[in-house]
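The values are calculated or read from the model by the stated rules, or taken from the named source; none is laboratory data. Everything numeric in this text was worked out from a predicted model, so none of it was measured. Glycine also receives a Cβ, built like all others from the backbone with ideal geometry; neighbour counts cover every protein chain displayed.
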Amino acid sequence: MVIVLQKIKAYWWQITLALLSAITVLSLYPHASLPVVPGTDKSHHLIAYAVLVFPTALRKPNRWGLIILFFILCGGLIELIQPYVNRHAEWLDMLANTSGVILGALLAQLVNGFYNNGQ
């Protein structure tokens, strides 16, 4: 597990960029073409944004708080764009996105605390 965390910390920028790209494409892709996956729409938003913020919060680069705020704003911007690409904007999606960002940051803090105190 420590090796995985070290890799995430080493490549946090590339992982985050890939995740943000994937979330953006999937969020703006026509709804009818999306595959059916288990879970609810809100759980998908929560998980996606928690995973998105995790590498950044784990690594904690300079101004990581601003990067996390950027993710929240990106989620809001995507919701505003969705009606123009045959998707539906929902305030609850934005709430799920923001909750995911907070959850991902908290999980990273817990993991950092656990592994830093255990060494």
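Testing R63 on (1) touching a helix residue (DSSP H, G or I) at 6+ places or on another chain (Cβ under 8 Å); (2) under 18 Å from I15 (Cα atoms); (3) not aliphatic (A, V, I, L, M), one condition comes back false. Which one is that?
(1)
Restricting to region 12-30, what's the tally of residues that are surrounded by 14 or more Cβ atoms within 10 Å (Cβ to Cβ) and not aliphatic (A, V, I, L, M)? Explain how you work it out, then say what you get.
Here is the first cut: in region 12-30, the residues surrounded by 14 or more Cβ atoms within 10 Å (Cβ to Cβ) are 12, 15-16, 19-20, 23-24, 27-28.
Still in the list and also not aliphatic (A, V, I, L, M): 12, 16, 24, 27.
Here the count works out to 4.
Name the residue that is farthest from K9 (Cα to Cα), counting only residues in region 76-119 that are hydroxyl-bearing (S, T, Y) and at pLDDT below 95.
If we filter region 76-119 for residues that are hydroxyl-bearing (S, T, Y), which is where we start, we get 84, 98-99, 115.
Then drop every residue that is not at pLDDT below 95, which leaves 84, 115.
Values: Y84: 36, Y115: 13 Å.
Among those that are hydroxyl-bearing (S, T, Y) and at pLDDT below 95, it is Y84.
Can you tell me which residues in region 78-119 are among the aliphatic types (A, V, I, L, M) and either touching a strand residue (DSSP E or B) at 6+ places or on another chain (Cβ under 9 Å) or under 23 Å from A32 (Cβ atoms) (or both)?
Taking region 78-119 as the starting set, the residues that turn out to be among the aliphatic types (A, V, I, L, M) are 78, 80-81, 85, 89, 92, 94-96, 101-103, 105-108, 110-111.
Scanning region 78-119 gives I78, L80, I81, V85, A89, L92, M94, A96.
Which residue pairs have Cβ atoms closer than 6 Å, lie 6 or more positions apart in sequence or on different chains, and pair a first residue in region 84-110 that is under 18 Å from F71 (Cβ atoms) with a second residue that is of a type in the set (S, T, N, Q) and part of a helix (DSSP H, G or I)?
From region 84-110, the pairs are A89/Q82.
If you go through region 45-60, how many residues are small (G, A, S) and under 8 Å from the mean Cα position of the chain (by Cα)?
So the count comes out to 2.
Examine region 25-32 for a residue that is aliphatic (A, V, I, L, M) and farther than 18 Å from I81 by Cα, and state whether such a residue exists.
Step one: of region 25-32, the residues aliphatic (A, V, I, L, M) are 25-26, 28, 32.
Then drop every residue that is not farther than 18 Å from I81 by Cα, which leaves none.
Within region 25-32, none of the residues are aliphatic (A, V, I, L, M) and farther than 18 Å from I81 by Cα.
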